[in-house]
Amino acid sequence: MNSQPPKAVVVGSGPAGCLSAISLANLGWQVTIFERRRDLRKPTHQNVETGFTETFRQRSINLTLSARGLAAIYAVDGSIVEPLMQQAVPLQGRIVHHSNGKTTKQYYDTGGECLYCIERDLLSAILVERAVSKENIQVHFQHKVESVDFEKNTLRVQNTVSAEGYAVNFDLCIGADGSHSVVRRHLLAATRMEYSQHYMSHEYVQIRVPHGLDGAGNPKSLLPANYLHVWPRGDSSLVAMANENKGFNCALFAPRSVFATMKSPKDLLPWLKSDFPDFVSLLGTKQLLTELQNNPRSQMIITKANPYNKGTVVILGDAAHSIVPFDGQGLNSALEDVRILSILLRRAQEASGDASHFGQNATAISRAFEEYSEGRHGDLVAISELSMNSHYNLRRGFATLSYMIKKHIDNVLYALSAQKNANLTFSDLKENIYGPLPSGWIPLYTMVSFRPDVGYCAARKKAASQERLIERVGMALGLLVVGCASWALSFR
Ligand SMILES: Cc1cc2nc3c(=O)[nH]c(=O)nc-3n(C[C@H](O)[C@H](O)[C@H](O)COP(=O)(O)OP(=O)(O)OC[C@H]3O[C@@H](n4cnc5c(N)ncnc54)[C@H](O)[C@@H]3O)c2cc1C
């Protein structure tokens, strides 16, 4: 029998790809990552005027890591958490910038839980750094995967620098190649996959706000750094998140039709000045126009697939489920995919009895992938739908009185609730997919972002029954008020 280590290929060195590679390497696999882009860690230079790191991170967006994503990273390789935390900016809550110029603070969690904001390319670079430090991981940048052959278990790869093409064989393949996944495209043709793809009617443009300078000439943030800033304006919205360099990466979301009516960035100015005057004066018209000029509009795509696997090939992260970013869960769910898949693979490897030859046990690998696909689908559909619902809050809801009252009731009931702590720690989540369903009152946002022991499906179900209870109590109180009023009137 072949005593070579089992051979895995990972397509894409984004967060899901790198973490998958690290988890496979920890299970004893020889892993090769193919990434079509160049190495993000190549030297960069700092623009002294703006404070922006130019070249690769020029168009990077900021992502928020929540406990769900952190638990996944911790489960796979705890040593990555510290370098990540050093670069991330903790966000305690959001600051809502209202149309009348006033602002309100909304904390994410009464228990003090935070989100951690980090530039996407910086996160990928930290994960790549950890991957290449492992003896049994090789990364080939500027290598594009073109196709997958499910019969021969091979990938067709092209070196985009030399234009040379070649075939690579594998025992296991993970497609983590993002929303426009090539691996998914080939899975779709090779299996009975249900697949849907939908472009949102809204698009976004990135805008960077440079740091300011304090009295001593040191960089300072122009907005409070430890909050996510939101400007809800009906159909459109603006979001700003701090970088570790004290600048902000922002995204302006608006219907495609609004952007389409503007022929040049200048056409956007009257609208921006009337809807986001504080933001325009913060950045200055000249810098705003430069940003709008340099940053193309981007689309948001929602994809759903089922199943995610065939044989010893599986897709995860955005390749399997692209969701809208309004709950900040695309990355977090992608990292959670890796955590769950690695638990199932480890269990299968241990159950196979002969771990050193697990790579040749295609049946066991494919059964683990099937189990992953069947068990994971409901949760991924749930987070896709929850994220879509959150778009309303970003555009309008956060600024409304009804949202604030409901949030207050949610928080009070949560504070009174007996069960505030997770049943499982991050360490327990190395072995367990989720914990038992928690009792007591827990706000939906807390369950989605800060309770990795609760699956998205269970969180949605629990939140729906809490919502029904609030509605019933509200209705009963309303009836009580009307009853008392009519009783009082009957005595006049
Ligand atoms: C505006 C915006 C804001 C967001 N904010 C958040 C947030 O706050 N929190 C959050 O959790 N999520 C957020 N997301 C979602 C998050 O960015 C994604 O879910 C996450 O990056 C998915 O990671 P991934 O590794 O699956 O895919 P990707 O990050 O897309 O990585 C895929 C990798 O595969 C490579 N690749 C593609 N095709 C090939 C090929 N053929 N061969 C070789 N390599 C290939 C790509 O170059 C890339 O490096 C946001 C998304 C957007 C658009």
Margin query: Need the full-extension length gain, N100 to Q4, defined as separation in residues times 0.36 nm minus the C-alpha distance. One decimal, nm.
Written below: 27.9 nm
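So what's the back-of-envelope 222 nm ellipticity for the chain, counting only DSSP H runs of four-plus at -39500 (n - 2.57) apiece and dividing by all residues, rounded to 500?
Details: 14 runs with 199 residues, N = 492.
Taking each H run of at least 4 residues, the total per residue is -13000 deg cm²/dmol.
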Check: What is the chain's relative contact order, in percent, from Cα pairs under 8 angstrom and six or more apart in sequence?
Finding: 18
Notebook entry, point to check: Over the range 290-364, what percent of the accessible surface lies on carbon and sulfur atoms, probe 1.4 Å?
Noted result: 47
Check: What residues have an amide H closer than 5 Å to that of L91, excluding those fewer than 5 places away on the same chain, when H is modeled at 1.01 Å from N in the peptide plane?
Finding: L115, Y116, C117
Note to self: Test of understanding: what is the full-extension gain from N218 to S465, defined as 0.36 nm times their sequence separation minus their Cα-Cα distance?
What the structure shows: 83.9 nm
Check: Under a point spin-label approximation (7 Å from Cα along Cα-to-Cβ), what is the S264-L282 distance to one decimal in nm?
Finding: 2.7
Check: Residue by residue, what Karplus-based ³J(HN,Hα) values in Hz, rounded to whole numbers, does the range 14-31 have, using 6.51, -1.76 and 1.60 with θ = phi - 60° and x for Gly and Pro?
Finding: x, x, 5, x, 5, 5, 4, 4, 5, 5, 5, 4, 5, 8, x, 7, 8, 10
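Within the accessible area of the range 400-490, what % is carbon and sulfur when the probe is 1.4 Å and the other protein chains stay in place?
Result for the range 400-490: 70 percent of the exposed heavy-atom area is carbon or sulfur.
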Next item on the list: For A163 and L479, calculate 0.36 nm times their separation in residues minus their Cα-Cα distance, and state this gained length in nm to one decimal.
Entry: 106.4 nm
Note to self: Can you give the log10 of the normalised intensity I(q)/I(0) at q = 0.12 Å⁻¹, computed with Debye over equal Cα scatterers of the chain?
What the structure shows: -1.13
Notebook entry, point to check: Using alpha-carbon positions, what is the distance between the centroids of the range 231-290 and the range 87-120, in Å?
Noted result: 19
Checklist line | Between helix 120-132 and the chain: long-axis angle, C-alpha atoms, 0 to 90°, nearest 10 | finding: 30
Next item on the list: Leaving ligands, DNA and RNA out of it, work out the accessible area of K134 with a 1.4 Å probe and give it in Å² to the nearest 10.
Entry: 40
Note to self: Apply the Karplus curve 6.51 cos²θ - 1.76 cosθ + 1.60, θ = phi - 60°, to the phi angles in the range 309-316 and return the couplings in whole Hz, x for Gly and Pro.
What the structure shows: 9, 8, x, 9, 10, 9, 10, 8
Next item on the list: Provide R37, R492, R367 ordered by accessible surface of protein heavy atoms (probe 1.4 Å), highest first.
Entry: R492, R367, R37
Item checked: Where M200, M388 fall by accessible area, highest first, once all protein chains stay in place (1.4 Å) -> M388, M200
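The values are calculated or read from the model by the stated rules, or taken from the named source; none is laboratory data. It should be emphasised that the depicted structure is a prediction, and the values quoted were computed from it without experimental measurement. Methodologically, a virtual Cβ is constructed for each residue, glycine included, from the backbone with ideal geometry; neighbour enumeration extends over all protein chains shown. Only protein heavy atoms, including side chains, enter the accessible area calculation; ligands, DNA and RNA are left aside. Shrake-Rupley method; radii C 1.70, N 1.55, O 1.52, S 1.80 Å.
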